[in-house]
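Here is the structure we will look at.
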Amino acid sequence: MVAIENRTIEEIRQENAALQTQVAELSAVNKMALMLGTSLEFDEFLDEFIVTIHDTVQCDRVLVMIQDDQETVLQYGSSNFRLTAEAQSMLEGLRLGTFQPESGSIIDRWINNESIKWNANDATEHSSFQWLANYLGSSEYYSAPLQVDGLLIGALIIDNQPSGQPVTDEQEHWIKLLSSSSAMALQNARLHHKTVRELADSMREMYILRQIDRELSDTININHVFEMTLDWALRFTNAQSTSLALYDQEANRLHFLYEYGYDIAQAQMELIREEYGSGITARVANSGYAEVVPDVSIDPDFVRLATNTRSQMAIPVMREDRVVAVITLDSKKLNGFTDAHQDFVQKLATRAGVAIDNARLYEEAIREREKLSHILNNTADMIMVIGMDERIMLINQAALNAMQLYTNQDYTKRLANEVFEHTALWVTFQKAKENGEAINEEVIMPNERIFHANLRRLDEIGWIVVMHDITPFKEMDRLKGELIATVSHDLKQPLSVMNGYIELMIMQQSVTQQGLNAVQMIRKAMQNMRQLIDDLLDLAKIESGIKLDLHNIQVEQIIQDCMELVKPVAQNKAITVMNGITDKLPPITADRSRMRQILINLIGNGVKYTPNEGWVKVSAEVKGNMLKISIQDNGMGISPEDQIHVFERFYRVRRPETDNIEGTGLGLAIVKSLVEAHDGQISLESKLGEGTTFYLLLPIAKNAA
């Protein structure tokens, strides 16, 4: 009975001891979890992890190795080894490849989730065990893999150096116990670290891209764009070398503009490329697709320019579905470029492409501007552009000379009145502004030359002023006018004598009927000649400075009278002459008889050059301080080349349709001179087959209500 009781007490003691051990183990695991859970920074976590293992296991040295996220290697994580700076640096360089390890190696055993106790007597083990012992300076160590869901994320190694004591069974027990729970804590810390790092990388990328956009927007220097692009590509990817090559698609040729980080001279690189080609860069230029080569040693197109290049990335710079350049980056790491690196460099390439286009367009604009400036400064015509704010935007050398301005001063951005208010052009400009219409007028400039000025308003630009020197033509016209006036005056006397004899012959009936018909034809020809002479004399009188009998007159009645005068001719051709004036018009200051002459000529021309059953319409409207009269027809129209000359003396449109239409070719020249004598303007719009519209701009009487 006592034996049974003693046995029972012993069992109870054993159970209590086992229970206390479990409680201690659970307490240790819980304590480790709590301690590790307070560390958010990964480096702090690893340091705390080492301290926790050391305090729990009671070993001398602890080393933890971590699986690299980007490479298939286990690398140094943290340790409590007491080493010199040189030895510590060597330890931190420890890296063990985990991709397809040799069977039986320490990595292979870890991947199979095996914990390993090794000492110098284990000669049968794989050589990697001895290599690791030599690297760590250990004669005996114990290692346990850190796995989560069957994946190796790290390894834990302990030893009792430098005391040289063997690793105890209890220490092995604690490492086995803690490895599974610590693996999960390590994985959580790694995931947290990865998330924080990715977020930081994302923020850094956004900051870099924003800074790049800002810098690119501040420059159009193509060289600076290239340098900045490569600089940021190197910074973000941690590449060792980079190059940028422009691509000529037509010639299928790469021109390497910038190269950084290579350990051979540029001349030597050019020789290598001539001998072996441009490798992966050329392949990307031809395909237009980005490439990341994790291991250049297995790529047959790779051309080595840097001795330690192990991976390469080439990104095309695209504009409008064509490759304009290629960015190439080299890394000394296997698989040295991630998807994030590729995505970032592609964003850089997109921005570089836009910047290249902007710089190219800017350079083209500069070249075109220089070309235009050269043309404008070497043309004989005066050219000015005046903005909506009445500031000069452009003025050429001829304009400076004509207005007698200083040629060594810049007049752009100055107000127009400050520049040419002292010239007659200012009056013409004010007139054009008030009317809001294009204006053509002769202007005498301070250099005493006569210019034909054309002022035209363009929306969103302003006023374009083009002036052509017509002084030689005016002098020629003066001489021609004097000659014509003299000859015309001398021709009137013989024509009067001839006409008197013809009248006498008709009165005496001294010719036959056939002769009478001939006499009538001669008489008609003489009348036409007399009309031509009268027109010539009238034109000469007007151009020599006719004195107008100016009064304030109502133009509606004059228009109606002129329409009545041409109606008989219009009715013979079944042409409708319409009066489109509906509102009361203000009076104009004009010579009544000369206004009748102007309107009869224009309305008569409309009837004369309009086919049967057409129409002619007269209308008017107020434009600023001017009255605009329109004489429109749906006749045969005037070609653009004829429109240039219709106001010249003796000019007549020569087409089959006009062969039977009589005229001297002086009517529109007289009309133009009379309109300008009234300080007005005349212009036209016409299209062949659609008709013609003549426009008169005449000044409204100043005292009109």
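Only the coordinates and a few stated rules stand behind these numbers; no lab work does. Everything numeric here is computed off the predicted structure, so don't read it as measured data. Quick reminder, even Gly has a Cβ in these numbers, built from the backbone with ideal geometry, and neighbours come from all protein chains shown.
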Query raised in the report: Expressed in nm to one decimal, what extension gain is obtained for the pair Ile522 and Ile272 from 0.36 nm per residue of sequence separation less their Cα-Cα distance?
Result: 80.3 nm
**Report entry** In order through the range 461-476: 3J(HN,Hα) via Karplus (6.51 cos²θ - 1.76 cosθ + 1.60), integer Hz, x for Gly, Pro
**Finding:** 10, x, 9, 9, 10, 10, 10, 10, 6, 10, 4, x, 5, 5, 5, 5
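State the extension gain, in nm to one decimal, for the chain segment bounded by Asn238 and Glu421, taking 0.36 nm per residue of separation less the distance between their alpha-carbons.
On the way: separation 183, 0.36 × 183 = 65.88 nm, distance 6.57 nm.
Difference between extended and current length: 59.3 nm.
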Report task. Please report, in Å, the Rg and the Dmax of the range 235-310, where both are computed over Cα atoms only. Result -> 12.4, 34
Requested in this report: Place a +1 charge on the Cβ of each Lys and Arg in the chain and a -1 charge on the Cβ of each Asp and Glu, then give the dipole magnitude about the Cα centre in debye, rounded to the nearest 20.
Outcome: 4500 debye
**Report entry** Among Asn160, Asn440, Leu565 the positive-end extreme of the charge dipole of the chain (Cβ point charges)
**Finding:** Leu565
Report summary line: Long-range alpha-carbon pairs in the range 550-699, meaning those over 19 Å apart, account in percent for 50 percent
Query raised in the report: How high is the FRET efficiency between Glu390 and Arg456 when r is their beta carbon distance and R₀ equals 22 Å, given to the nearest 0.05?
Result: 0.90
Query raised in the report: Which percent, to the nearest 5, of DSSP beta bridges fully inside the chain are antiparallel?
Result: 95 percent
Query raised in the report: What base-10 log of the normalised intensity I(q)/I(0) is obtained for the range 65-148 from the Debye formula, alpha carbons as equal point scatterers, at q = 0.17, 0.18 Å⁻¹?
Result: -0.74, -0.83
Query raised in the report: Leu94's amide H: which non-local residues (gap 5+, or another chain) put their own amide H closer than 5 Å, with H modeled 1.01 Å from N in plane and none for Pro or chain starts?
Result: Tyr76
Requested in this report: Kindly provide log₁₀ I(q)/I(0) values, in the same order as q = 0.14, 0.23 Å⁻¹, from the Debye equation applied to equal alpha-carbon scatterers of the range 379-469.
Outcome: -0.42, -1.24
Query raised in the report: If the label point is 7 Å along Cα→Cβ of Glu172, which residues in the range 54-72 have backbone nitrogen under 17 Å from it?
Result: 57-60
Query - Packing-based ranking, highest mean first, of 346-359, 458-471 given that Cβ atoms within 10 Å are counted - result: 346-359, 458-471
Report task. Using a 10 Å cut-off on Cβ atoms, rank the peptides 112-119, 268-275 from the highest mean neighbour count down. Result -> 112-119, 268-275
Query raised in the report: Relative contact order for the chain: what is it in percent, counting Cα pairs under 8 Å that are at least 6 residues apart?
Result: 6 percent
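Express the relative contact order of the range 225-338 as a whole percentage, based on alpha carbon pairs under 8 Å and six or more residues apart in sequence.
Here the relative contact order equals 30 percent.
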Query raised in the report: Residue-wise, which Karplus ³J(HN,Hα) couplings in Hz belong to the range 628-639, taking 6.51 cos²θ - 1.76 cosθ + 1.60, θ = phi - 60°, and x for glycine or proline?
Result: 9, 9, 10, 10, 10, 9, 10, x, 6, x, 10, 5
Requested in this report: Using only the Cα atoms of the chain, each taken as one equal point scatterer with no solvent, compute I(q) by the Debye sum, divide by I(0), and report log10 of the ratio at q = 0.10 Å⁻¹.
Outcome: -1.07
Report task. Just grab the label-to-label distance for Asp549 and Lys623, each label 7 Å out from Cα along the Cβ direction, in nm (one decimal). Result -> 3.0 nm
Requested in this report: Any lysines with Cα under 22 Å of the Lys524 Cα? List them, leaving off those in the same chain fewer than 8 positions away.
Outcome: Lys492, Lys608
Query - Protection proxy ranking, peptides 680-692, 231-243, average beta carbon neighbours within 10 Å, highest first - result: 231-243, 680-692
Query raised in the report: Taking θ as phi - 60°, what are the ³J(HN,Hα) couplings along the range 433-450 by the Karplus curve (6.51, -1.76, 1.60), each to the nearest whole Hz, with x for Gly and Pro?
Result: 5, 5, 7, x, 10, 5, 9, 10, 7, 8, 9, 9, 8, x, 7, 6, 9, 9
**Report entry** FRET efficiency for Thr84 and Ser287, using Cβ-Cβ distance with R0 set to 60 Å, rounded to 0.05
**Finding:** 0.70
Query raised in the report: Can you give the Rg and Dmax of the range 219-361 based on its C-alpha atoms, in angstrom?
Result: 14.0, 42
Report summary line: Ser181 and Glu613 label points (each 7 Å along its Cα→Cβ direction) are spaced in nm at 11.1 nm
Query - Glu482-Ser115 pseudo-label distance in nm [points 7 Å out on the Cα-to-Cβ vector] - result: 12.8 nm
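Taking square-rooted eigenvalues a ≥ b ≥ c of the alpha carbon gyration tensor, is the range 29-195 rounded, prolate or oblate, where a/c under 1.5 means rounded and, failing that, a/b exceeding b/c means prolate?
Details: a/c = 1.39, a/b = 1.20, b/c = 1.15.
Cα axes put the range 29-195 in the rounded bin.
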